[in-house]
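These notes are about the structure you will find just below.
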Amino acid sequence: MRFCLSAMEWAFLQSQLEEFWRAAKTTFQAWKASILLDLVKTYNVDYQTPDSAGTATAYLTGIKGNYGTVGITAAGRRGDCSSQLGNEVQSVLEKAKAAGKSVGFVTTTYVNHASPSGVFGKSAERTWYSDKRMANLKNCKDLALQLFEHDDIDVIMGGGKEWFVDRLDQRDLIQVI
């Protein structure tokens, strides 16, 4: 089978082929980039669709945890205070501080909320913002107290004052700072 093309038809075909290969190359580059992006998976160990506490743990520590937990491995069970002990993981903020860097974080929500608490918190329950949320639990600290005791963080900006004052332990963590 033979094709007879005029110079104009040949130029048109050539431009079409060049456009095809340019698009294919761009698509291939995007595909290669997606391979790298797919290496970052932030789903929870026990749920396909994660919550912000689990994703914060994944991207700030490199370790996946269970749904509703923050800063602990999957060996820690949600709501089980005793299961978090010994299963804490170190965040990128803690590693940077250990390397002598200045560290901090800024958030538009409570500073002890699930996502920002991923930089400092170790909790079997993402909603333990204050001791009021975890009455009758011993040996575990609420996220506000953990942040207060994490006195090596240089900058903290965000909301959530209500979790640091009027506490069951009668401490005003804002006044102490």
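Return only the number of the condition from (1) closer than 20 Å to Ile63 by Cα; (2) at pLDDT below 95 that Val176 does not satisfy.
Failed condition: (1).
Could you check the range 106-118 and list, in sequence order, the residues that are farther than 16 Å from Trp163 by Cβ and either surrounded by 19 or more Cβ atoms within 10 Å (Cβ to Cβ) or at pLDDT below 95 (or both)?
Gly118
Quick test for you: out of Val103, Val92, pick the one residue that is surrounded by 13 or more Cβ atoms within 10 Å (Cβ to Cβ), in contact with a strand residue (DSSP E or B) (Cβ under 8 Å, 6 or more places away or on another chain) and in contact (Cβ under 8 Å) with a residue 24 or more places away in the chain.
Val103
If we keep just the residues of the range 1-41 that are at pLDDT below 75 and hydroxyl-bearing (Ser, Thr, Tyr), which is farthest from Val70 (Cα to Cα)?
Applying the filter and picking the extreme gives Ser6.
As an exercise: evaluate Asp166 against (1) of a type outside the set (Ser, Thr, Tyr); (2) under 15 Å from the mean Cα position of the chain (by Cα); (3) at positive phi and give the number of the one condition it does not meet.
Going through (1) of a type outside the set (Ser, Thr, Tyr); (2) under 15 Å from the mean Cα position of the chain (by Cα); (3) at positive phi one by one, Asp166 breaks only (2).
Go through the residues of the range 133-143 one by one and say whether even a single one is acidic (Asp, Glu) and either touching a Pro at 6+ places or on another chain (Cβ under 7 Å) or within 18 Å of Thr57 (Cβ to Cβ) (or both).
Looking for residues that are acidic (Asp, Glu) and either touching a Pro at 6+ places or on another chain (Cβ under 7 Å) or within 18 Å of Thr57 (Cβ to Cβ) (or both), one finds at least one in the range 133-143, hence yes.
For the range 123-153, which positions are surrounded by 12 or more Cβ atoms within 10 Å (Cβ to Cβ) and either among the small types (Gly, Ala, Ser) or more than 25 Å from Gly65 (Cβ to Cβ) (or both)?
Ser123, Ala124, Ser130, Ala144
Out of the residues in the range 144-177 that are of a type in the set (Val, Ile, Thr) and not in a helix (DSSP H, G or I), which is farthest from His113 (Cα to Cα)?
By that ranking, first place goes to Ile177.
The values are calculated or read from the model by the stated rules, or taken from the named source; none is laboratory data. The shown structure was predicted, so the numbers you read here are calculated from the model rather than taken from an experiment. Cβ coordinates were reconstructed from backbone atoms using ideal geometry, including for glycine residues, and neighbour counts include every protein chain displayed.
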